[in-house]
Amino acid sequence: MNTAGCSAIQASHAAPENSCDVLIIGGGPGGSTTAAFLAQKGWRVTLLEKEHHPRFHIGESLLPLNMPLLERLGVRDEVARIGLLKLAAEFNCEGYEPATYYFANAMRKTYPSAYEVRRSEFDNLLLRNSQKKGAQVHEGVKVTNVESRPGQTSLISAVDEKGQPHLWGARVVVDASGRDTFFANRQKMKQRNPQHNSAAIFGHFEGAVRRLGKDEGNISVYWFKHGWYWMIPLRDGAMSVGAVCWPYYLKSRKKSVDEFFMDTLTLNPLVAERLKNARLMAPAMATGNFSYQADRMSGDGWLIVGDAFAFIDPVFSSGVFLAMNSAELAAGAIDDALCTGDLSAKSLGRHEKKIRRGLKTFSWFIYRVTTPALRKMLMSPHNVFRVEEAILSLLSADIFGKTPIRFPLFVFKIVYYIASIISWRESLVSYRQRHRAWHSKLDFVWKSDAARQEERTG
Ligand SMILES: Cc1cc2nc3c(=O)[nH]c(=O)nc-3n(C[C@H](O)[C@H](O)[C@H](O)COP(=O)(O)OP(=O)(O)OC[C@H]3O[C@@H](n4cnc5c(N)ncnc54)[C@H](O)[C@@H]3O)c2cc1C
(Lines give C-alpha, C1' and ligand atoms only; values in the text may rest on other atoms or scores of the structure.)
Protein backbone atom coordinates (compact mmCIF):
# COMPACT_ATOMS: atom_id res chain seq x y z
CA MET A 1 0.00 0.00 0.00
CA ASN A 2 1.16 3.52 -0.74
CA THR A 3 0.89 4.94 2.77
CA ALA A 4 1.68 8.52 1.86
CA GLY A 5 -1.01 8.54 -0.84
CA CYS A 6 -3.52 7.01 1.52
CA SER A 7 -2.84 9.52 4.28
CA ALA A 8 -3.75 12.30 1.89
CA ILE A 9 -7.03 10.59 1.01
CA GLN A 10 -7.82 10.02 4.68
CA ALA A 11 -7.14 13.63 5.59
CA SER A 12 -9.41 14.85 2.83
CA HIS A 13 -12.21 12.83 4.40
CA ALA A 14 -11.77 14.20 7.90
CA ALA A 15 -15.36 14.23 8.94
CA PRO A 16 -17.96 15.17 11.53
CA GLU A 17 -18.45 13.28 14.75
CA ASN A 18 -20.28 10.12 13.75
CA SER A 19 -18.44 9.47 10.56
CA CYS A 20 -15.69 7.05 9.70
CA ASP A 21 -13.97 5.39 6.78
CA VAL A 22 -15.23 1.91 7.60
CA LEU A 23 -18.17 0.88 9.74
CA ILE A 24 -18.35 -2.75 10.80
CA ILE A 25 -21.57 -4.45 11.91
CA GLY A 26 -20.72 -7.11 14.52
CA GLY A 27 -17.79 -7.86 16.80
CA GLY A 28 -17.29 -11.61 16.31
CA PRO A 29 -14.01 -12.98 14.89
CA GLY A 30 -14.89 -11.69 11.40
CA GLY A 31 -15.70 -8.13 12.48
CA SER A 32 -12.84 -7.77 14.98
CA THR A 33 -10.29 -9.10 12.49
CA THR A 34 -11.43 -6.69 9.76
CA ALA A 35 -11.37 -3.85 12.29
CA ALA A 36 -7.88 -4.65 13.60
CA PHE A 37 -6.23 -4.91 10.17
CA LEU A 38 -7.84 -1.70 8.91
CA ALA A 39 -7.23 0.33 12.07
CA GLN A 40 -3.61 -0.81 11.95
CA LYS A 41 -3.40 0.76 8.50
CA GLY A 42 -4.58 4.05 9.93
CA TRP A 43 -8.17 4.09 8.70
CA ARG A 44 -10.93 5.42 10.95
CA VAL A 45 -12.83 2.28 11.87
CA THR A 46 -16.03 2.05 13.91
CA LEU A 47 -17.36 -1.31 15.05
CA LEU A 48 -20.89 -1.70 16.43
CA GLU A 49 -21.70 -4.82 18.45
CA LYS A 50 -25.22 -5.39 19.74
CA GLU A 51 -24.10 -7.46 22.73
CA HIS A 52 -21.40 -6.90 25.39
CA HIS A 53 -18.22 -8.96 25.35
CA PRO A 54 -17.41 -11.35 26.85
CA ARG A 55 -20.55 -13.12 25.62
CA PHE A 56 -21.31 -16.76 24.93
CA HIS A 57 -20.80 -18.15 21.41
CA ILE A 58 -20.67 -21.70 20.21
CA GLY A 59 -17.71 -22.89 18.04
CA GLU A 60 -14.66 -23.48 20.23
CA SER A 61 -12.33 -25.48 18.01
CA LEU A 62 -9.76 -23.57 15.94
CA LEU A 63 -7.74 -24.92 13.01
CA PRO A 64 -3.95 -24.85 12.44
CA LEU A 65 -4.18 -22.23 9.68
CA ASN A 66 -5.67 -19.88 12.28
CA MET A 67 -2.25 -19.72 13.91
CA PRO A 68 -0.39 -17.62 11.30
CA LEU A 69 -3.43 -15.36 11.12
CA LEU A 70 -3.39 -14.86 14.89
CA GLU A 71 0.31 -14.08 14.61
CA ARG A 72 -0.36 -11.42 11.98
CA LEU A 73 -2.95 -9.94 14.34
CA GLY A 74 -0.36 -10.00 17.14
CA VAL A 75 -2.49 -12.10 19.53
CA ARG A 76 -1.05 -15.60 19.21
CA ASP A 77 0.54 -15.58 22.68
CA GLU A 78 -2.63 -14.27 24.30
CA VAL A 79 -4.66 -17.02 22.61
CA ALA A 80 -2.12 -19.60 23.81
CA ARG A 81 -2.80 -18.41 27.37
CA ILE A 82 -6.57 -18.96 27.16
CA GLY A 83 -6.51 -22.02 24.87
CA LEU A 84 -5.89 -25.74 25.13
CA LEU A 85 -3.35 -27.05 22.64
CA LYS A 86 -5.01 -29.14 19.92
CA LEU A 87 -2.78 -31.48 17.94
CA ALA A 88 -5.31 -33.64 16.14
CA ALA A 89 -8.87 -34.35 15.10
CA GLU A 90 -10.13 -37.74 16.18
CA PHE A 91 -12.95 -39.64 14.44
CA ASN A 92 -14.82 -42.41 16.23
CA CYS A 93 -17.18 -45.06 15.01
CA GLU A 94 -18.41 -48.22 16.66
CA GLY A 95 -16.49 -51.25 15.41
CA TYR A 96 -13.37 -49.22 14.54
CA GLU A 97 -10.34 -48.04 16.46
CA PRO A 98 -10.39 -44.22 16.76
CA ALA A 99 -8.76 -42.61 13.71
CA THR A 100 -6.59 -39.77 14.98
CA TYR A 101 -5.42 -37.24 12.37
CA TYR A 102 -2.35 -35.39 13.68
CA PHE A 103 -1.93 -32.05 11.94
CA ALA A 104 1.85 -32.49 12.02
CA ASN A 105 1.42 -35.09 9.25
CA ALA A 106 -0.34 -32.72 6.84
CA MET A 107 1.28 -31.94 3.49
CA ARG A 108 2.78 -28.73 4.85
CA LYS A 109 4.40 -29.49 8.17
CA THR A 110 4.57 -25.86 9.27
CA TYR A 111 1.29 -25.74 11.22
CA PRO A 112 1.12 -28.76 13.53
CA SER A 113 -1.34 -27.41 16.09
CA ALA A 114 -4.26 -25.18 16.94
CA TYR A 115 -6.24 -24.35 20.10
CA GLU A 116 -9.59 -25.10 21.68
CA VAL A 117 -10.89 -21.85 23.14
CA ARG A 118 -13.84 -20.56 25.10
CA ARG A 119 -15.38 -18.24 22.55
CA SER A 120 -16.38 -15.70 25.21
CA GLU A 121 -12.66 -15.24 25.96
CA PHE A 122 -11.40 -15.58 22.40
CA ASP A 123 -13.92 -13.16 20.84
CA ASN A 124 -13.35 -10.67 23.67
CA LEU A 125 -9.60 -10.84 23.13
CA LEU A 126 -9.96 -10.18 19.39
CA LEU A 127 -12.35 -7.29 19.98
CA ARG A 128 -10.02 -5.65 22.53
CA ASN A 129 -7.13 -6.13 20.12
CA SER A 130 -8.99 -4.17 17.45
CA GLN A 131 -9.55 -1.40 20.02
CA LYS A 132 -5.85 -1.37 20.90
CA LYS A 133 -5.10 -0.92 17.22
CA GLY A 134 -7.36 2.13 17.12
CA ALA A 135 -10.84 0.91 16.19
CA GLN A 136 -13.75 2.71 17.91
CA VAL A 137 -15.85 -0.04 19.44
CA HIS A 138 -19.41 0.53 20.68
CA GLU A 139 -21.04 -2.39 22.48
CA GLY A 140 -24.76 -2.71 23.20
CA VAL A 141 -25.48 -0.93 19.91
CA LYS A 142 -27.54 -2.71 17.29
CA VAL A 143 -27.48 -1.68 13.65
CA THR A 144 -31.03 -1.37 12.35
CA ASN A 145 -30.62 0.00 8.85
CA VAL A 146 -28.02 0.81 6.20
CA GLU A 147 -28.81 3.28 3.48
CA SER A 148 -26.38 2.91 0.61
CA ARG A 149 -25.94 6.12 -1.35
CA PRO A 150 -23.80 5.50 -4.44
CA GLY A 151 -21.10 8.10 -4.76
CA GLN A 152 -21.64 9.30 -1.18
CA THR A 153 -21.11 7.89 2.28
CA SER A 154 -23.60 5.27 3.47
CA LEU A 155 -25.86 6.12 6.38
CA ILE A 156 -26.01 3.57 9.17
CA SER A 157 -28.81 3.70 11.74
CA ALA A 158 -28.39 2.01 15.08
CA VAL A 159 -30.10 1.88 18.44
CA ASP A 160 -28.49 1.51 21.86
CA GLU A 161 -29.79 -0.39 24.88
CA LYS A 162 -31.66 2.66 26.18
CA GLY A 163 -33.51 2.81 22.90
CA GLN A 164 -31.59 5.90 21.79
CA PRO A 165 -31.12 6.12 18.02
CA HIS A 166 -27.69 6.85 16.50
CA LEU A 167 -26.56 7.67 12.99
CA TRP A 168 -23.16 7.09 11.41
CA GLY A 169 -21.76 7.93 8.00
CA ALA A 170 -19.18 5.59 6.45
CA ARG A 171 -17.39 5.23 3.12
CA VAL A 172 -17.46 1.43 3.41
CA VAL A 173 -19.85 -0.75 5.44
CA VAL A 174 -18.81 -4.28 6.41
CA ASP A 175 -21.47 -6.77 7.39
CA ALA A 176 -19.92 -9.12 9.96
CA SER A 177 -23.21 -9.85 11.71
CA GLY A 178 -22.71 -13.64 11.65
CA ARG A 179 -25.76 -15.85 11.30
CA ASP A 180 -27.99 -12.77 11.70
CA THR A 181 -27.01 -12.19 8.03
CA PHE A 182 -27.91 -8.52 8.14
CA PHE A 183 -27.34 -7.64 4.46
CA ALA A 184 -28.32 -11.00 2.98
CA ASN A 185 -31.68 -10.87 4.80
CA ARG A 186 -32.46 -7.30 3.89
CA GLN A 187 -31.48 -7.76 0.28
CA LYS A 188 -33.27 -11.12 0.11
CA MET A 189 -30.20 -12.81 -1.25
CA LYS A 190 -29.72 -15.60 1.31
CA GLN A 191 -29.83 -19.01 -0.35
CA ARG A 192 -30.37 -21.89 2.02
CA ASN A 193 -28.56 -25.03 0.95
CA PRO A 194 -31.31 -27.65 0.84
CA GLN A 195 -28.76 -30.44 0.61
CA HIS A 196 -27.44 -29.83 4.07
CA ASN A 197 -30.36 -29.32 6.30
CA SER A 198 -29.38 -29.94 9.90
CA ALA A 199 -29.59 -28.35 13.33
CA ALA A 200 -27.50 -28.52 16.49
CA ILE A 201 -28.19 -29.03 20.17
CA PHE A 202 -25.31 -28.46 22.58
CA GLY A 203 -24.02 -27.68 26.07
CA HIS A 204 -20.97 -27.61 28.34
CA PHE A 205 -20.26 -30.48 30.74
CA GLU A 206 -18.06 -30.98 33.75
CA GLY A 207 -16.70 -34.40 34.64
CA ALA A 208 -16.51 -35.76 31.06
CA VAL A 209 -13.72 -38.26 30.36
CA ARG A 210 -10.80 -36.49 28.66
CA ARG A 211 -8.06 -37.90 26.49
CA LEU A 212 -4.68 -38.16 28.14
CA GLY A 213 -1.29 -36.54 27.60
CA LYS A 214 -0.67 -34.87 24.28
CA ASP A 215 -4.12 -35.95 23.07
CA GLU A 216 -5.95 -33.99 25.78
CA GLY A 217 -6.82 -31.12 23.44
CA ASN A 218 -8.00 -33.17 20.46
CA ILE A 219 -11.51 -32.67 19.16
CA SER A 220 -13.50 -35.93 18.99
CA VAL A 221 -16.15 -36.53 16.35
CA TYR A 222 -18.65 -39.43 16.57
CA TRP A 223 -21.40 -40.58 14.27
CA PHE A 224 -24.82 -41.80 15.29
CA LYS A 225 -27.88 -42.70 13.29
CA HIS A 226 -29.40 -39.22 13.32
CA GLY A 227 -26.20 -37.25 12.62
CA TRP A 228 -22.90 -36.66 14.40
CA TYR A 229 -21.54 -35.38 17.74
CA TRP A 230 -18.57 -33.24 18.73
CA MET A 231 -16.62 -33.26 22.00
CA ILE A 232 -14.28 -30.29 22.45
CA PRO A 233 -12.22 -30.19 25.66
CA LEU A 234 -11.61 -26.73 27.13
CA ARG A 235 -8.69 -25.53 29.19
CA ASP A 236 -10.68 -25.11 32.43
CA GLY A 237 -11.76 -28.77 32.46
CA ALA A 238 -15.16 -28.26 30.80
CA MET A 239 -16.17 -30.21 27.71
CA SER A 240 -18.23 -28.67 24.92
CA VAL A 241 -20.55 -31.36 23.59
CA GLY A 242 -23.01 -31.06 20.74
CA ALA A 243 -25.13 -33.14 18.40
CA VAL A 244 -25.75 -32.07 14.83
CA CYS A 245 -28.92 -33.86 13.73
CA TRP A 246 -31.33 -34.18 10.87
CA PRO A 247 -34.46 -32.06 11.33
CA TYR A 248 -36.84 -35.03 11.41
CA TYR A 249 -35.06 -36.23 14.54
CA LEU A 250 -35.25 -32.86 16.28
CA LYS A 251 -38.88 -32.59 15.32
CA SER A 252 -39.53 -35.77 17.29
CA ARG A 253 -38.73 -33.94 20.56
CA LYS A 254 -41.47 -34.43 23.16
CA LYS A 255 -39.42 -33.52 26.24
CA SER A 256 -37.59 -30.45 27.48
CA VAL A 257 -34.49 -29.47 25.49
CA ASP A 258 -32.20 -30.67 28.32
CA GLU A 259 -33.85 -34.07 28.57
CA PHE A 260 -33.92 -34.49 24.83
CA PHE A 261 -30.23 -33.56 24.65
CA MET A 262 -29.26 -36.02 27.39
CA ASP A 263 -31.25 -38.79 25.67
CA THR A 264 -29.58 -37.98 22.36
CA LEU A 265 -26.16 -38.37 23.95
CA THR A 266 -26.97 -41.94 24.99
CA LEU A 267 -27.51 -43.02 21.36
CA ASN A 268 -23.82 -43.71 20.86
CA PRO A 269 -22.27 -45.94 23.57
CA LEU A 270 -18.81 -44.40 23.07
CA VAL A 271 -20.16 -40.92 23.82
CA ALA A 272 -22.36 -42.20 26.64
CA GLU A 273 -19.30 -43.82 28.25
CA ARG A 274 -17.32 -40.56 28.20
CA LEU A 275 -20.26 -38.70 29.74
CA LYS A 276 -21.18 -41.35 32.30
CA ASN A 277 -20.22 -39.18 35.29
CA ALA A 278 -20.60 -35.82 33.60
CA ARG A 279 -23.00 -33.01 34.50
CA LEU A 280 -24.50 -30.41 32.20
CA MET A 281 -23.23 -27.09 33.56
CA ALA A 282 -25.96 -24.86 32.10
CA PRO A 283 -29.16 -25.44 30.16
CA ALA A 284 -28.65 -26.95 26.72
CA MET A 285 -29.04 -24.71 23.70
CA ALA A 286 -30.11 -25.28 20.15
CA THR A 287 -29.63 -23.57 16.86
CA GLY A 288 -30.86 -24.02 13.32
CA ASN A 289 -27.69 -25.03 11.61
CA PHE A 290 -28.60 -25.25 7.99
CA SER A 291 -26.05 -24.14 5.44
CA TYR A 292 -26.55 -21.04 3.34
CA GLN A 293 -24.71 -18.64 1.11
CA ALA A 294 -25.53 -15.11 -0.04
CA ASP A 295 -25.80 -14.44 -3.77
CA ARG A 296 -23.25 -11.63 -3.62
CA MET A 297 -20.41 -10.77 -1.30
CA SER A 298 -20.15 -7.09 -2.13
CA GLY A 299 -21.91 -4.08 -3.58
CA ASP A 300 -20.95 -0.46 -4.13
CA GLY A 301 -19.61 0.70 -0.77
CA TRP A 302 -20.29 -2.52 1.16
CA LEU A 303 -19.11 -6.08 1.60
CA ILE A 304 -19.77 -9.11 3.75
CA VAL A 305 -17.40 -11.29 5.82
CA GLY A 306 -17.71 -14.54 7.77
CA ASP A 307 -21.00 -16.24 8.60
CA ALA A 308 -22.89 -13.20 7.35
CA PHE A 309 -21.92 -14.41 3.87
CA ALA A 310 -21.98 -18.18 4.21
CA PHE A 311 -22.30 -20.94 6.76
CA ILE A 312 -21.43 -24.59 6.32
CA ASP A 313 -21.90 -27.44 8.76
CA PRO A 314 -19.27 -27.18 11.54
CA VAL A 315 -18.04 -30.80 11.34
CA PHE A 316 -14.52 -29.72 10.28
CA SER A 317 -14.44 -26.72 12.69
CA SER A 318 -13.89 -24.40 9.76
CA GLY A 319 -16.16 -21.46 10.71
CA VAL A 320 -13.84 -19.24 12.74
CA PHE A 321 -10.99 -19.71 10.30
CA LEU A 322 -13.22 -18.97 7.30
CA ALA A 323 -14.57 -15.86 9.03
CA MET A 324 -11.13 -14.54 9.96
CA ASN A 325 -9.60 -15.43 6.61
CA SER A 326 -12.39 -13.67 4.72
CA ALA A 327 -11.96 -10.71 7.08
CA GLU A 328 -8.24 -10.42 6.36
CA LEU A 329 -8.86 -10.58 2.61
CA ALA A 330 -11.68 -8.04 2.98
CA ALA A 331 -9.40 -5.69 4.92
CA GLY A 332 -6.83 -5.85 2.09
CA ALA A 333 -9.50 -5.12 -0.52
CA ILE A 334 -10.97 -2.23 1.51
CA ASP A 335 -7.54 -0.73 2.13
CA ASP A 336 -6.79 -0.69 -1.60
CA ALA A 337 -10.26 0.54 -2.46
CA LEU A 338 -10.01 3.45 -0.01
CA CYS A 339 -6.59 4.31 -1.38
CA THR A 340 -7.71 4.36 -5.00
CA GLY A 341 -11.19 5.72 -4.30
CA ASP A 342 -12.71 2.82 -6.25
CA LEU A 343 -15.38 1.59 -3.85
CA SER A 344 -17.23 -0.44 -6.46
CA ALA A 345 -18.62 -3.92 -5.83
CA LYS A 346 -15.91 -5.37 -8.06
CA SER A 347 -13.07 -3.69 -6.23
CA LEU A 348 -14.38 -4.55 -2.74
CA GLY A 349 -15.27 -8.11 -3.67
CA ARG A 350 -12.11 -9.00 -5.58
CA HIS A 351 -11.54 -12.02 -3.30
CA GLU A 352 -15.04 -13.48 -3.69
CA LYS A 353 -13.93 -16.25 -6.07
CA LYS A 354 -11.25 -17.37 -3.66
CA ILE A 355 -13.73 -17.50 -0.77
CA ARG A 356 -16.27 -19.46 -2.80
CA ARG A 357 -13.58 -21.92 -3.90
CA GLY A 358 -12.58 -22.54 -0.27
CA LEU A 359 -16.21 -23.05 0.77
CA LYS A 360 -16.68 -25.48 -2.13
CA THR A 361 -13.63 -27.52 -1.17
CA PHE A 362 -14.89 -27.95 2.39
CA SER A 363 -18.49 -28.46 1.33
CA TRP A 364 -17.90 -31.53 -0.81
CA PHE A 365 -16.65 -33.41 2.25
CA ILE A 366 -19.03 -31.88 4.73
CA TYR A 367 -22.16 -32.74 2.73
CA ARG A 368 -21.07 -36.36 2.57
CA VAL A 369 -19.77 -36.75 6.09
CA THR A 370 -22.75 -38.79 7.23
CA THR A 371 -22.55 -41.22 4.29
CA PRO A 372 -21.31 -44.74 5.04
CA ALA A 373 -18.61 -44.55 2.37
CA LEU A 374 -16.99 -41.37 3.68
CA ARG A 375 -17.28 -42.58 7.25
CA LYS A 376 -15.45 -45.79 6.39
CA MET A 377 -12.75 -43.91 4.50
CA LEU A 378 -12.16 -41.49 7.36
CA MET A 379 -12.01 -44.40 9.81
CA SER A 380 -9.39 -46.27 7.75
CA PRO A 381 -6.93 -43.66 6.50
CA HIS A 382 -4.41 -44.59 3.77
CA ASN A 383 -1.68 -42.42 2.41
CA VAL A 384 -1.66 -43.81 -1.14
CA PHE A 385 -1.10 -40.85 -3.52
CA ARG A 386 -0.67 -38.76 -0.34
CA VAL A 387 -4.43 -38.89 0.23
CA GLU A 388 -4.15 -38.96 4.03
CA GLU A 389 -1.80 -35.96 4.03
CA ALA A 390 -4.24 -34.07 1.80
CA ILE A 391 -7.16 -34.84 4.12
CA LEU A 392 -5.02 -33.51 6.97
CA SER A 393 -4.32 -30.34 5.01
CA LEU A 394 -8.06 -29.98 4.53
CA LEU A 395 -8.66 -30.56 8.27
CA SER A 396 -6.02 -27.88 8.94
CA ALA A 397 -7.75 -25.45 6.51
CA ASP A 398 -4.63 -25.36 4.35
CA ILE A 399 -6.72 -25.04 1.20
CA PHE A 400 -6.10 -21.48 0.10
CA GLY A 401 -2.34 -21.58 -0.41
CA LYS A 402 -0.15 -23.47 -2.82
CA THR A 403 -0.31 -26.84 -1.06
CA PRO A 404 -0.71 -29.53 -3.78
CA ILE A 405 -3.86 -31.14 -2.37
CA ARG A 406 -5.91 -31.12 -5.57
CA PHE A 407 -4.76 -34.40 -7.06
CA PRO A 408 -4.87 -36.45 -3.81
CA LEU A 409 -8.33 -35.06 -3.02
CA PHE A 410 -9.43 -35.99 -6.53
CA VAL A 411 -8.18 -39.56 -5.91
CA PHE A 412 -10.07 -39.56 -2.59
CA LYS A 413 -13.28 -38.56 -4.36
CA ILE A 414 -12.89 -41.31 -6.99
CA VAL A 415 -12.34 -43.90 -4.26
CA TYR A 416 -15.39 -42.51 -2.45
CA TYR A 417 -17.62 -42.97 -5.50
CA ILE A 418 -16.32 -46.52 -6.04
CA ALA A 419 -16.88 -47.36 -2.35
CA SER A 420 -20.42 -45.91 -2.55
CA ILE A 421 -21.21 -48.15 -5.53
CA ILE A 422 -19.74 -51.24 -3.86
CA SER A 423 -21.83 -50.72 -0.70
CA TRP A 424 -24.82 -49.47 -2.70
CA ARG A 425 -27.46 -50.77 -0.30
CA GLU A 426 -26.09 -48.78 2.63
CA SER A 427 -25.50 -45.80 0.36
CA LEU A 428 -29.09 -45.88 -0.81
CA VAL A 429 -30.46 -45.94 2.75
CA SER A 430 -28.21 -43.02 3.65
CA TYR A 431 -29.19 -41.12 0.49
CA ARG A 432 -32.89 -41.57 1.29
CA GLN A 433 -32.31 -40.29 4.83
CA ARG A 434 -30.50 -37.21 3.53
CA HIS A 435 -33.09 -36.70 0.85
CA ARG A 436 -35.82 -36.73 3.49
CA ALA A 437 -33.89 -34.03 5.35
CA TRP A 438 -33.61 -31.86 2.22
CA HIS A 439 -37.38 -31.58 2.13
CA SER A 440 -37.85 -31.14 5.84
CA LYS A 441 -38.65 -27.56 6.76
CA LEU A 442 -36.52 -26.20 9.56
CA ASP A 443 -38.90 -23.46 10.61
CA PHE A 444 -39.72 -25.38 13.75
CA VAL A 445 -36.17 -25.17 15.00
CA TRP A 446 -35.59 -23.45 18.25
CA LYS A 447 -34.67 -20.18 16.66
CA SER A 448 -31.20 -19.00 15.74
CA ASP A 449 -28.01 -18.23 17.60
CA ALA A 450 -29.26 -14.69 17.80
CA ALA A 451 -32.04 -15.84 20.08
CA ARG A 452 -30.05 -18.43 22.01
CA GLN A 453 -30.62 -16.78 25.38
CA GLU A 454 -34.35 -17.25 24.89
CA GLU A 455 -33.69 -20.82 23.80
CA ARG A 456 -32.79 -21.80 27.32
CA THR A 457 -35.43 -23.94 28.93
CA GLY A 458 -35.81 -24.02 32.67
C1 LIG B 1 -23.36 -25.57 16.35
C2 LIG B 1 -22.14 -24.84 15.83
C3 LIG B 1 -20.86 -25.32 16.13
C4 LIG B 1 -19.73 -24.66 15.64
N5 LIG B 1 -18.49 -25.13 15.91
C6 LIG B 1 -17.40 -24.50 15.41
C7 LIG B 1 -16.09 -24.93 15.74
O8 LIG B 1 -15.89 -25.87 16.50
N9 LIG B 1 -15.04 -24.27 15.19
C10 LIG B 1 -15.24 -23.20 14.35
O11 LIG B 1 -14.25 -22.65 13.84
N12 LIG B 1 -16.46 -22.75 14.06
C13 LIG B 1 -17.54 -23.36 14.57
N14 LIG B 1 -18.78 -22.87 14.30
C15 LIG B 1 -18.91 -21.71 13.42
C16 LIG B 1 -18.43 -20.41 14.10
O17 LIG B 1 -19.03 -20.27 15.36
C18 LIG B 1 -18.74 -19.23 13.21
O19 LIG B 1 -18.35 -19.57 11.90
C20 LIG B 1 -18.01 -17.95 13.63
O21 LIG B 1 -18.44 -17.50 14.88
C22 LIG B 1 -18.24 -16.86 12.59
O23 LIG B 1 -17.72 -15.63 13.01
P24 LIG B 1 -18.43 -14.27 12.56
O25 LIG B 1 -17.59 -13.18 13.10
O26 LIG B 1 -18.71 -14.31 11.12
O27 LIG B 1 -19.86 -14.29 13.27
P28 LIG B 1 -20.20 -14.28 14.82
O29 LIG B 1 -19.12 -14.89 15.59
O30 LIG B 1 -21.54 -14.89 14.96
O31 LIG B 1 -20.25 -12.75 15.19
C32 LIG B 1 -21.29 -11.91 14.74
C33 LIG B 1 -21.48 -10.78 15.74
O34 LIG B 1 -22.34 -9.80 15.18
C35 LIG B 1 -23.19 -9.30 16.18
N36 LIG B 1 -24.36 -8.73 15.50
C37 LIG B 1 -25.29 -9.41 14.78
N38 LIG B 1 -26.18 -8.55 14.27
C39 LIG B 1 -25.83 -7.30 14.68
C40 LIG B 1 -26.38 -6.01 14.49
N41 LIG B 1 -27.49 -5.82 13.78
N42 LIG B 1 -25.76 -4.94 15.05
C43 LIG B 1 -24.64 -5.12 15.79
N44 LIG B 1 -24.08 -6.33 16.03
C45 LIG B 1 -24.66 -7.42 15.47
C46 LIG B 1 -23.49 -10.52 17.03
O47 LIG B 1 -23.91 -10.16 18.32
C48 LIG B 1 -22.14 -11.24 17.03
O49 LIG B 1 -21.34 -10.88 18.13
C50 LIG B 1 -19.91 -23.50 14.81
C51 LIG B 1 -21.19 -23.02 14.55
C52 LIG B 1 -22.31 -23.67 15.04
C53 LIG B 1 -23.68 -23.13 14.73
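The values are calculated or read from the model by the stated rules, or taken from the named source; none is laboratory data. Quick caveat: nothing in here was measured; it's all calculated off a predicted structure. Reconstructed Cβ throughout: ideal geometry from the backbone, glycine too, with neighbour counts over all protein chains shown.
Could you name every one of the helices (runs of 4 or more DSSP H) located completely within the range 299-404 that has at least 1 residues being touching a His at 6+ places or on another chain (Cβ under 6 Å) and within 16 Å of the ligand (Cβ to nearest atom)?
Values: elements: 319-340, 345-348, 352-366, 372-379, 387-395.
Answer list for the range 299-404: 319-340.
Out of curiosity, is residue 72 among the basic types (Lys, Arg) and within 30 Å of residue 160 (Cα to Cα)? Taking the combined requirement at face value, the residue does not satisfy it.
The single condition among (1) at pLDDT 95 or above; (2) within 19 Å of the chain's Cα centre (by Cα) that residue 211 does not meet is (2). Against the conditions (1) touching a strand residue (DSSP E or B) at 6+ places or on another chain (Cβ under 9 Å); (2) at pLDDT below 90, residue 352 satisfies every one except (2).
For the criterion of being within 16 Å of the ligand (Cβ to nearest atom) and not assigned by TED's automatic domain parsing to the domain that holds residue 269, residue 153 fails. Pairs meeting the criteria (first residue in the range 9-30 and within 18 Å of residue 336 (Cβ to Cβ) and within 10 Å of the ligand (Cβ to nearest atom), second residue in a helix (DSSP H, G or I) and at pLDDT 85 or above, beta carbons under 6 Å, at least 6 apart or on different chains) are 24/31; 24/34; 24/35.
The residues listed here are 124, 129, 197, 185; of these, the one that is within 23 Å of the chain's Cα centre (by Cα), more than 9 Å from the ligand (Cβ to nearest atom), part of a loop (DSSP other than H, G, I, E, B) and not basic (Lys, Arg) is 197.
When the range 270-306 is examined, which residues are found to be farther than 30 Å from residue 187 by Cα and either free of Cβ contacts under 8 Å to residues at least 40 places away in the same chain or not assigned by TED's automatic domain parsing to the domain that holds residue 245 (or both)?
Of the range 270-306, the ones farther than 30 Å from residue 187 by Cα are 270-284.
Hit for the range 270-306 is 272, nothing else.
Every test in (1) closer than 26 Å to residue 397 by Cβ; (2) out of contact with any Gly (no Cβ under 9 Å at 6 or more places or on another chain) is passed by residue 269 save one, and that test is (1). Scanning the range 54-70 for residues that are more than 7 Å from the ligand (Cβ to nearest atom) and touching an Asp or Glu at 6+ places or on another chain (Cβ under 9 Å) yields 54, 64, 65, 69, 70.
Run down 178, 227 and say which single residue is surrounded by 15 or more Cβ atoms within 10 Å (Cβ to Cβ), at positive phi, within 11 Å of the ligand (Cβ to nearest atom) and not hydroxyl-bearing (Ser, Thr, Tyr).
Details: 227 fails: within 11 Å of the ligand (Cβ to nearest atom).
Result of the check over 178, 227: 178.
Any chance the range 222-230 includes a residue that's under 18 Å from residue 268 (Cα atoms) and part of a loop (DSSP other than H, G, I, E, B)? Please lay out each step first, then the result.
First, the residues of the range 222-230 that are under 18 Å from residue 268 (Cα atoms): 222-230.
Going one step further and asking which of them are part of a loop (DSSP other than H, G, I, E, B), we end up with 225-226.
Yes, the conditions are met somewhere in the range 222-230.
Taking the range 133-152 as the range and being within 23 Å of residue 42 (Cβ to Cβ) and touching a residue at least 40 places away in the same chain (Cβ under 8 Å) as the test, the residues that pass are 133, 134, 135, 136, 137, 138.
Here is a yes/no grid of residues against (1) among the charged types (D, E, K, R); (2) buried (at least 19 other Cβ atoms within 10 Å of the Cβ):
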| site | (1), (2) |
| --- | --- |
| 283 | no, no |
| 296 | yes, no |
| 326 | no, yes |
| 330 | no, yes |
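Against the conditions (1) within 26 Å of residue 288 (Cβ to Cβ); (2) buried (at least 23 other Cβ atoms within 10 Å of the Cβ); (3) assigned by TED's automatic domain parsing to the domain that holds residue 49, residue 220 satisfies every one except (3). Whenever a residue of the range 214-229 is over 16 Å from residue 97 (Cα atoms) and modelled with pLDDT of 95 or more, its partners that are of a type outside the set (Val, Ile, Thr) and not in a strand (DSSP E or B), lying with C-beta atoms within less than 7 angstrom and at least six residues away or across chains, give the pairs 214/87; 216/210; 217/87; 229/268. Name the residues in the range 249-269 that are crowded, with 17+ Cβ neighbours inside 10 Å and touching a residue at least 40 places away in the same chain (Cβ under 8 Å), would you? 250, 257, 258, 260, 261, 264, 267, 268, listed by residue number. Only one of the listed residues (51, 90) is among the acidic types (Asp, Glu), modelled with pLDDT of 95 or more, within 16 Å of the ligand (Cβ to nearest atom) and not assigned by TED's automatic domain parsing to the domain that holds residue 272. That residue is 51.
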